[in-house]
Amino acid sequence: MAQRRTPRRPRWFIITVLLVLGYFGSMIVSQGFYLSHVHEDQVIAAQRLAAAQAENDRLRAEKDRLGELPYIEKLAREELGMTGAGELPYAPGKRTGGN
């Protein structure tokens, strides 16, 4: 009986197919890492945007209050130490007297 030979693919063909599959596999993995980093950057940017919007809202509210006389008086008293007519300044922690 004669043995039948099964057709074999050439060794270079198998090596080439493995190299191509390895190349595309590495490309898929590197793209996955890239997309992961892009997503992280997007989350960070969204957090920074939310913080900036909150700060902007706070500053707009303060700008609106700066047109109100009671708020201006409050700032003048607290930040500048100013007093109204007939008032004496109060400085916490300072002692007055002759000791």
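The values are calculated or read from the model by the stated rules, or taken from the named source; none is laboratory data. Because the structure is a prediction, the values reported are computed rather than measured. Cβ sites come from the backbone with ideal geometry, for glycine too, and all protein chains shown count toward neighbours. Heavy atoms of the whole protein, side chains included, go into the accessibility calculation; ligands, DNA and RNA do not. Shrake-Rupley method; radii C 1.70, N 1.55, O 1.52, S 1.80 Å.
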Selection count where residues are open to solvent by 80 Å² or more (accessible area, probe 1.4 Å) and part of a loop (DSSP other than H, G, I, E, B), scope the range 67-85: 3
First in the range 12-23 and on the phi > 0 side of the Ramachandran plot, second anywhere and in a helix (DSSP H, G or I), Cβ under 9 Å, 6 or more apart: none
